[in-house]
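Heads up, the thing below is written out as structure tokens.
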């Protein structure tokens, strides 16, 4: 591309932006593109190992004020982890909305706030969750995708009090993990979408692993990060005949002047089966 891109990644929970697109972000920051991240919820009520684990099996839960203080403290811990992880990927601009991670709803307040941020940042490309992931009703990833879609629509128009002009992204990519992965329940079995864009991340998988290792409060560090990369990014890699990849679902059909045959496809056409197998048998380090 002749011009650099402005890419905004919007995740429901603190780990989602890395889990779903850490390698892709690393590629774009290295190329000189601007990448910013929005974390919609604080993630402390459901996805924090201290609060989530310590509250199970107890006879009583702390009083409201004490519990709220714990949630605030753990939210700060998670935010610091996100900042460290983003730093490893070359991402400097972070926006924490602090919404509740247990009762996440499509509200005018969240839509308006996100739309104003879109008008301010003016991204060309938006990465976010598929709006019908899971049951599409109480699934925080799906709700986040719906909030984003409402905000994108609202950002096309003016908003009294917001001096920034309307803006429109060139393309939206939905995270493939959780939306078009292997169906495992009645909700995912009905979706019928597939990952039509695979981004090879073999060259930056170590960076993604290091970013996931930062997310200790969510239990992502260590064994889980490695299991996650092998089973998900490794599976996407098998689909694309590379070692590791991240999957995405593009929202709009693309228009080209010429047939979009990639350099990867041309290379595959010249490889034997065993050459291809050797190339995508690379494994991420386990230390």
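Fully extending the segment from residue 206 to residue 120 would add 27.7 nm, taking 0.36 nm per residue of separation and subtracting the current Cα-Cα distance. Its convex hull of Cα atoms gives segment 109-172 a direction-averaged projected area, equal to a quarter of the hull surface, of 4.1 nm².
Each residue in 18, 174 was given a count of other beta-carbon atoms within 10 angstrom of its own, and listing them fewest first yields 174, 18. Here the chain carries DSSP beta bridges of which approximately 30% are antiparallel, counting only pairs with both residues inside.
Viscosity 1.306 mPa s, temperature 10 °C: give me the Stokes-Einstein translational D for the chain in µm²/s, with Rh taken as the Kirkwood radius over C-alpha pairs.
Answer from the Stokes-Einstein relation: 79 µm²/s.
Ordered by the count of other Cβ atoms within 10 Å of each Cβ, fewest first, 144, 262 give 262, 144. Taking 0.36 nm per residue of separation and subtracting the current Cα-Cα distance, fully stretching the chain between residue 92 and residue 274 would add 61.4 nm. Each label was represented as a point 7 Å from its Cα along the Cα-to-Cβ direction; for residue 63 and residue 83 these points are 3.2 nm apart.
If R₀ is 30 angstrom, what is the calculated FRET efficiency for the pair residue 72 and residue 153, using the beta carbon separation as r and rounding to 0.05?
Values: r = 33 Å, r/R0 = 1.09.
It comes to 0.35.
Report summary: the helix-based calculation at 222 nm, which adds -39500 (n - 2.57) for every DSSP H run with n ≥ 4 and divides by the residues of the chain, gives -12500 deg cm²/dmol. Here the contact order of segment 6-279, divided by its residue count and restricted to Cα pairs under 8 Å and six or more residues apart, works out to 22 percent.
Bear in mind these aren't lab numbers, they're just calculated from the coordinates by the rules spelled out. In this text, all values refer to a predicted model and were calculated from it rather than measured experimentally. Note that we place each Cβ from the backbone using ideal geometry, even for glycine, and neighbour counts take in every protein chain shown.
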